1. Whole-Hz ³J(HN,Hα) for each residue in region A:221-231, computed from phi via Karplus 6.51 cos²θ - 1.76 cosθ + 1.60 with θ = phi - 60°, x for glycine and proline: what do you get?
2. Tell me the volume per residue, in Å³, of the convex hull enclosing the alpha carbons of chain A.
3. Using alpha carbons only, how many degrees (0 to 90, rounded to 10) separate the axis of helix A:3-26 from the longest principal axis of chain A?
4. When a footprinting reagent is the concern and you count Cβ atoms within 10 Å, what order do A:E94, B:E92, B:E268 take, fewest first?
5. Charges at C-beta only: +1 for Lys and Arg, -1 for Asp and Glu. How large is the resulting dipole of chain A about its Cα centre, in Debye rounded to 20?
6. Tell me the net charge near B:P215. Cut-off is 15 Å between Cβ atoms, B:P215 excluded, with +1 for each Lys or Arg and -1 for each Asp or Glu.
7. Between A:R168 and residues 5 or more places away or on another chain, which pairs have amide H atoms under 5 Å apart, with H built 1.01 Å from N, and which residues are they?
8. What is the fewest-to-most order of A:S268, B:S80, B:S120, B:S157 by other Cβ atoms lying within 10 Å of their Cβ?
Amino acid sequence: MSPAWKTALIALAGVVAGAALSATISRPVNTENDAASFPRTADGRPDLSGLWQALTTANWNLEGHPAQAQPGPWLALGAIGAIPPGQGVVEGGEIPYRPEAAARRRANFEHRLEPATADPEAKCYLPGVPRATYLPFPFQIVQGTAKIAIAYGYADASRTIHMDKETRVPAPLDFWMGRSHGRWDGDTLVVDVDGLNGQSWLDRAGNFVSERVRIVERYTPRGKDHLTYQATIEDPSVFTRSWTIAFPLYRRLEQDVRFLDFDCVQYSEGLLYRDFQPSTAP
Amino acid sequence: MDRDVRRWLIQCAAVLALPLLVAHLRSQTPPAGSQGSASNYTVPRTPWGHPDFQGIWTTDHFGQHVDLERPAALAGVFESTEADADQRKEDEANQNAFGDKVGNYGREWRDTEFSRFKPSRRTSLISDPEDGRVPYLPEVRARLAANRQAARAREASPQVPADLPDGLRCLRGFPGVNLPIGYNNNKQIVQSPGFVTILYEMNHDMRVIPLNSPPPLGGLRQAWGVPSGRWEGDTLVIETTNFSGELAFQGARENLKITEYFRRTGSEELDYRFVVEDPTTFARPWTVWMPWLRDDTQYEVFEYACHEGNYSLTNTLRGARFAASQKKGGTR
């Protein structure tokens, strides 16, 4: 091999190695060390107050999925009606359904455009946990002294996380948004959620849980303006084992960015009451 | 409309939402008490030094028996006797929006039956002007009455959900204002240094109020307006402007401005009043005064999921379609 070739090869190897190195370096940007810059409360806890948003396609499908056309009324929307591709947010890639539950998930998806069986998001029903977190709307956390309030951009949904209960108070009733008890594990806010009514879906793909579900969420500061969100979902009547989703939450940084109202009830009426309105009845 | 069908429609509506209709048709409530405002009261503070309003509060004591405006029969009376207030509450509990007992919620349903607070003796929620009446510009009251009449005609034979009152559709109440009705009058406040949230149990409405934020830009308008909060001494002031005009509060739309004042006056009382302005609707600003009472020893705010269980709206529309088909002499 001529020296010129050798030099070229060495240079090429250097570029490749450099690219690989920079890839490995760029990965762990979100290390614990960066969390030191995260805002703190007077008592030294991370202050999660702010407007946050997930940037995933999880609301289309928690699992990885290719781009896909949608039938029926979606066609009229052209490219807007297509499902965008996504890598998924489920650790290990797949949701461990029991066989009969997997069949129900498929049925949910197939019948998602009919009023009675539509995705609860289309009906403007309260989204439940964890879906509220990754709907394509920002949400506002306000961290009080005894409670943490979260207002979600979709459907005027909200939660109160009780930080002041020595022991968990059983949910007096099943709620769409469940009952949330929080505690600190170092810098991580850990929230136990139960009392969910099981009528929410997890995404537009028909993934679902039952009223027996219990969820443990973890909000961990990673940098000044981002968190890692994790939710472990346990529901033996639907899944063969517990499973976890994880993705970053980003702080919305636009100047004077505000939490806005999206009271979608009125936008759901054309679907929900379609068959009982002279103007739209089939 | 056939009598039986009409009764059936009414009953369908009553299943879920009649109290909401009641609330909608009446101009609403609340009230009262200036009890326990000791002058030596020290306002509790958050760790970051703001007055601490956090906790659960209620306006149950205004229940349904104190209207926004003072009834003519009570002209000149700011607070009635306790016996009269009890009687007004009793009368209220025994009638429905149609003025009779058919299709009403049971008395046991209403918070007024359970509340540990005495019914307010106030005779109107409006404290200024002194006559307890909305100071409409001369032509506005007549216009609103005509609108109301037209709305009732649509309600009698609804074609689409929008023909029915907002309450029956489970749309949110007007923000902030949140006038008391027969039940679920509870509110929970959570504060952080930069924000205040108020969760209104009716109808799972959580307001997010940024503190000391710049005024909203003109391009941003919302049905419920855009709120901005600030502290004036120990008083929390929330100004809400930039209404889209899609919804009306007492006839006011785009030009509406609501300024709310919250001030702790005792361990159990939060003085709350708001000033309503719109020179295109009202002859002058007017004030609602309805102190909130602390209620977190016995209560947690529940999830009021109205829309999710709104079978009434389906049944009402289905009933209207059925009635129309009967009228034409057809079968279903």
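Quick note: the coordinates plus some simple rules give every number you see, no bench work behind them. Predicted model, so just to flag it, every value in this text is computed and none were measured. As a convention, Cβ positions derive from the backbone with ideal geometry for all residues, glycine included, and neighbour counts pool all protein chains shown.
1. x, 10, x, 4, 10, 8, 10, 9, 9, 10, 9
2. 208 Å³
3. Long axis of A:3-26 versus the principal axis of chain A: about 40 degrees.
4. On the way: A:E94 12, B:E92 21, B:E268 17.
Final ranking by Cβ density, sparse to dense: A:E94, B:E268, B:E92.
5. On the way: 28 positive and 32 negative charges, 108 e Å.
With Lys and Arg at +1 and Asp and Glu at -1, about 520 debye.
6. Working: positive: A:R258, B:R221, B:R230, B:K257; negative: A:D256, B:E239.
With Lys, Arg at +1 and Asp, Glu at -1, the neighbours total +2.
7. none
8. By the 10 Å Cβ count, ascending: B:S157, B:S80, A:S268, B:S120.
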